[in-house]
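Each value in this text was obtained by applying a stated rule to the coordinates, not by laboratory testing. Note that this is a predicted model, so its numbers are computed, not measured. With ideal geometry, Cβ positions are generated from the backbone for all residues, glycine too; neighbour counts draw on all protein chains shown.
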Ligand code: APR
Ligand code: ZN
Ligand code: ZN
């Protein structure tokens, strides 16, 4: 029986307020309005940002359905939708591509004005499509994928190859694209170069994959959790170091290890101190440092401007610089053509109802990516 045009009752992981873990609830998902798409989620990764959304590091409107790294199948479409149809395999887009804002019309940018990193929590008409126990429940980062069904705007969804495996390419909805693009598009890593990557979670490992495919000859992984080293090496790190093993600042350690030749550094932790460490660790003159981790909301950072005065370049990127609707289908095709492997990133696959276990693994430092399947 078709569900099109009807409210769907299903399960979703809801956080009811600041520091409240996600709990599985029965929710109602309204049909898509004009220019909206309702999606049945097949697989979703757990990203640090989903945790940041409940702890206040990233703004969110509560109660909220988290999740933003997924693959699904279009269940139904609202009026006016032309780019996807029911049955299409799709990736929901935390960074939309509306096609008409200043960022979308410039070939130099991808940070669409519709992106919700400020915790608006609603679709363009100012309302949510979710309810639970009679109350509205809000969207997260234009996507909300910790649910059997979600509703997104057309600008926040793209069709991908129907043959792509959901439990792998869901990572293209965030970690992989953000990290890989940071190396390829933002840092523009060059062949033969030396790179250092701070933070060896799903995002950092994706930076490593990007550095490797750009032809870097030395890729040094930096993490305070040595349990991350094995997977980082599987992704392409040539060596890994733990700042806790040294008394000197890590920038000095890297300088000595490389004869002062680290050209590219990447911060994939999301902490101010590692952002400055990564900046200080690239070559004082020609070095390029890229901020990939989400900075903590509303917190200021002090640093010695001498670090940039001498010539270093400090850059950031949202979602690896990709124009999501144009570029994600091509990245999926590259994966299908075996240009890179996502397996080093995936440490756990759990059924959706084990979402809480997935967050425990993340917070204990035991996982890289946990993928939840439906
Ligand atoms: N120095 C080096 N590594 C650190 C430090 C530090 N001081 N503190 C934490 N780390 C490591 C953790 O041990 C972990 O392996 O950083 C890694 C971060 O990985 P995850 O928590 O799995 O985060 P991930 O999902 O990869 O996201 C990284 O990008 O999307 C953003 O919000 C996300 O800011 C976060 C960042
Ligand atoms: Zn736009
Ligand atoms: Zn993410």
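Things to note:
- In units of the rule-of-thumb radius 2.2 N^0.38 Å, segment 235-342 shows an alpha carbon radius of gyration of 1.24.
- Degrees between helix 202-213 axis and first principal axis of the chain (Cα, 0 to 90, nearest 10): 60 degrees
- Rounded to the nearest 500, the helix-only mean residue ellipticity at 222 nm of the chain stands at -6000 deg cm²/dmol, with each DSSP H run of n ≥ 4 adding -39,500 (n - 2.57).
- Gap separating the Cα centres of segment 224-244 and segment 289-317, nearest whole Å: 23 Å
- Based on Cα contacts under 8 Å between residues 6+ apart, segment 179-317 shows a relative contact order of 24 percent.
- Enclosed volume per residue, in Å³, of the convex hull spanned by Cα atoms of the chain: 129 Å³
- Springs join every pair of Cα atoms under 10 Å in this Gaussian network model of the chain, and among 39, 208, 346 the largest mean-square fluctuation is at 346.
- Packing, taken as the mean count of other beta carbons within 10 Å per residue, orders the peptides 337-344, 211-218 from highest to lowest as 211-218, 337-344.
- Sequence ranges 171-183, 17-29, ranked by mean other-Cβ count within 10 angstrom, highest first: 171-183, 17-29
- Counting only alpha carbon atoms, the long axis of helix 272-281 and the longest principal axis of the chain meet at about 40°.
- If you wrap the tightest convex hull around every Cα atom of segment 179-317 and split its volume per residue, you get 97 Å³.
- Rg/Rh ratio calculated on Cα atoms of segment 54-173 (Kirkwood radius): 0.96
- Working value for segment 1-76: equivalent-ellipsoid semi-axes of 25, 13, 11 Å, each the square root of 5 times a Cα gyration tensor eigenvalue, largest first.
- Choice from 300, 336, 257 with maximal GNM fluctuation in the chain (Cα, 10 Å cutoff): 300
- Here the translational diffusion coefficient of segment 308-374 follows from Stokes-Einstein with Rh set to the Kirkwood radius across Cα pairs; for 37 °C and 0.692 mPa s it amounts to 218 µm²/s.
- Between helix 324-336 and the chain: long-axis angle, C-alpha atoms, 0 to 90°, nearest 10: 70 degrees
- Taking every DSSP beta bridge that has both ends in the chain, the antiparallel portion is near 55%.
- Highest-fluctuation residue, 152, 355, 253 considered, GNM on the chain with Cα pairs under 10 Å: 253
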